[in-house]
1. Of the lysine pairs in the chain, how many meet both conditions: Cα atoms under 22 Å apart, and a spacing of 8 or more in sequence or different chains?
2. Packing-wise, with mean Cβ within 10 Å as the measure, how do 106-113, 27-34 rank, highest first?
3. Would any residue of segment 147-164 have its amide N under 16 Å from a label point 7 Å out along Cα→Cβ of GLU172? List them or say none.
4. Can you tell which of ASP25, ASP188, ASP51 shows the greatest fluctuation in a Gaussian network model of the chain with Cα springs below 10 Å?
5. Using a simple charge model, +1 on the beta-carbon of Lys and Arg, -1 on the beta-carbon of Asp and Glu, nothing else, what dipole does segment 45-114 show about its Cα centre, in debye to the nearest 20?
6. Would you work out the charge dipole size for the chain about its Cα centre, treating the Cβ of every Lys and Arg as +1 and the Cβ of every Asp and Glu as -1, and quote it to the nearest 20 debye?
7. Find the relative contact order for segment 1-149 and round it to a whole percent, using C-alpha pairs within less than 8 Å whose residues are 6+ positions apart.
8. Report in % the part of the accessible area of the chain that belongs to carbon and sulfur, leaving out ligands and nucleic acids; probe 1.4 Å.
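The values are calculated or read from the model by the stated rules, or taken from the named source; none is laboratory data. Bear in mind the structure is a predicted one, so any value in this text is a computation, not a measurement. All Cβ positions, glycine included, derive from the backbone under ideal geometry; neighbour counts span all protein chains shown. For the accessible areas, the whole protein counts, side chains as well, though only heavy atoms, and no ligand, DNA or RNA atoms are used. Shrake-Rupley method; radii C 1.70, N 1.55, O 1.52, S 1.80 Å.
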Amino acid sequence: MEKTIYIRMRNRVQAQPEEKLLLKDVAQIIAPEAVLSHLKSMMVYQLTEGDRNIVIIDVMRIINMITTRFGEIEVQTIGPAQTIIEVTNKKKGVSIPFFLLIWFLLFFGSAMAIMNFHDDVSMRSVQEKIYTIITGKVEAKPFLFQIPYSLGLGLGMILFFNHVFKKRLNEEPSPLEVEMFNYQMDLDNYVIIHENKESMKQLNDDD
């Protein structure tokens, strides 16, 4: 029976600078026991100082290395054709002044956006009319209606984004997470096309 190796490239791998990347790091492998350990320990790339923060490992490179080492053996690939190697440095500690500055900008920026929106749609006059319709009284500051509305607005934001600080309310992703995922996918596709030297080729004009 012909031996077959199944390779599934990982989408993204984080590695330290100058790290040696083994095949088991960049791909999932299914292979006969006789060659599985050798495949897992096969070095596919050595990160150097010249590498920037992104390196692309193409599946054709992996297939060439396997066939060169093991001779005539069938290699089947499943899933993505490239793995993005993200070279990461040691994370620096969080700067408290910088954190407070970002928090200040986000908090007051969001507050200004909400207040400007309510002013544009004349939310105050709408609330006054609703209060008058419900109670039959004219009130310039219907706090009985405005306070629950403000609390409901905050609760609605929590339910919409599906997070209370770092705690997720349920397993369903929030719209923000979906948008971030779509952005990351577009970014990965761009990097794969523009950083992978094997994906583009220029033919010299002999005329």
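1. So the count of such lysine pairs works out to 11.
2. 27-34, 106-113
3. It comes to 156-164, nothing else.
4. ASP51
5. Values: 6 positive and 6 negative charges, 80 e Å.
Once rounded to the nearest 20, the dipole reads 380 debye.
6. Working: 22 positive and 26 negative charges, 230 e Å.
Value, rounded to 20: 1100 debye.
7. Details: 178 pairs, mean separation 39.0, N = 149.
The normalised contact order for segment 1-149 reaches 26 percent.
8. Numbers: 9690 of 16140 Å².
Summing carbon and sulfur atoms, their accessible area is 60 percent of the total for the chain.
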